[in-house]
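All remarks here apply to the structure that follows.
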Amino acid sequence: MKLIPFLSYVVKAATYGLLAAVVLLLLVPEMREGTNLSLNIFAKQDNKEKPISYANAVVKAAPSVVNIYSENFESNPRYRSRPIQRVKLGSGVIMDARGYILTNNHVVKNADLITVILQDSTELTAELIGSDEFTDLAVLKVQAQNLPVIPIDENLTPLVGDVVLAIGNPLNLGQTITQGIISATGRNGLSSNSYREFLQMDAAINDGNSGGAVVNSNGDLVGISTAQFNRSNQKENIQGIFFAIPYKLAANVMQQLISNGRVTRGWLGVSAQRYNRQLKGLVIDEITPQGPADNAGLIKGDVIYKIADTNIVSINQALDIIAETKPNSVLQLSLIRNNSRMTLDVTIGEIN
């Protein structure tokens, strides 16, 4: 007979426990969602993988990319009282909270009025601080506070295969994001300034993208959009070849323009289009009369294999070393002339 009271006790206890669990689930909705590991039995099971997205990078970088409209007014002999207004479209990148914006020189060249429009549609008038023809870069300044600055990683080294996003205002459609990868680094021979090297990418840029940002999948600045591949034969169907100025070069130029209003570069006064792989040096093709190299005694055909303590591995490396040397500094050049090795001291000039 004692079995019946025991069973009655068990049933009552189970009933009370079940009622308590129901009340607890009603009062604490979070427990029904399985936020507690012990209650995962109530969680909704969703094994669907999240899609790959670069939205976080865009959120970080896009607010610092601006639209630029540069206007210049030209007199018209036929209509003396009505000058012709010409407007060029481009993009820019806010690099400093003090209002400094980096863009392409060709976007603002000869402009009488430069207008910057932020992502939130705020319209600002910009002042040209300085420009550099050799890198096609220019620095603008706007009077504003709390501007969004592009994320920057000082230790970033772009690599072939990195995913990049180009942000700009192509064809005045409004801010647009295109995606691709870095196809090559150190591309040169694309301008009259042979030491200028580019990042090649397949993220599409069009008229209006010039001066905009190229960022990686974290939103960090990789470079400044600058050019499409120029077709020598218009019938060629060329796709996916676009170029950007590397961030480190752009940042160096920007700091010089802000500090001095111009970029100072060293000048040797030689032309060199060939690298001798056997002698591991650049071959001098031409020498500017009365230039630094001429005054130091260099001649056509000399092979420069070392500058100061640095062995020369490419023409662009050598030209970079010269360009980054302060004018009036003395550099020791190691060279080969008629199979004989020799050294000459050269006082570096300034490129104009």
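Quick notes
- Residue 265 long-range amide H proximity, modeled H, under 5 Å: 351
- Residues whose amide H lies under 5 Å from that of residue 137, counting only those 5 or more places away or on a different chain, are 105, 132; hydrogens are built 1.01 Å from N in the peptide plane.
- Rounded to the nearest whole Hz, the Karplus-based 3J(HN,Hα) values (6.51 cos²θ - 1.76 cosθ + 1.60, θ = phi - 60°) of segment 306-314 follow the sequence 8, 10, 6, 9, 9, 6, 8, 10, 7, with x at glycine and proline.
- For residue 162, the residues 5 or more places off, or on other chains, whose built amide H falls under 5 Å of its own are 182.
- Annotation for segment 243-352: trypsin sites (Lys or Arg not before Pro) lying in DSSP loop with at most 10 further Cβ atoms inside 10 Å of their Cβ are 277.
- Qualifying GluC sites (Glu not before Pro) in segment 80-158, DSSP loop, other Cβ atoms within 10 Å at most 15: 133, 154
- Cα gyration tensor category, rounded, prolate or oblate, for segment 87-180 with a/c compared to 1.5: rounded
- For segment 175-184, 3J(HN,Hα) per residue [Karplus equation, 6.51 cos²θ - 1.76 cosθ + 1.60, θ = phi - 60°, Hz, x = Gly/Pro]: 4, 9, 10, 10, 10, x, 10, 6, 8, 6
- The trypsin sites (Lys or Arg not before Pro) of segment 47-152 that meet both conditions, a loop assignment by DSSP and at most 16 other Cβ atoms within 10 Å of the site Cβ, are 48, 78, 98, 109.
- Inter-probe distance in nm under a simple model that places probes 7 Å from Cα toward Cβ, at residue 273 and residue 181: 3.4
- Estimated distance in nm for a label pair at residue 60 and residue 337, the labels positioned 7 Å out from Cα along Cα-to-Cβ: 5.3
- A crude spin-label estimate for the pair residue 173 and residue 146, with each label 7 Å from Cα along the Cβ direction, gives 3.3 nm.
- Derived scalar couplings between HN and Hα for segment 246-260 equal x, 4, 4, 5, 4, 5, 5, 5, 4, 4, 5, 5, 5, 6, 10 Hz in order, rounded to whole Hz, by the Karplus curve 6.51 cos²θ - 1.76 cosθ + 1.60 (θ = phi - 60°), x for Gly and Pro.
Every number here is computed from the coordinates shown, using simple stated rules; none is lab data. Predicted, not measured: the structure shown is a model, and the values here were computed from it. So basically every Cβ, Gly included, is an ideal-geometry build from the backbone, and we count neighbours across all protein chains shown.
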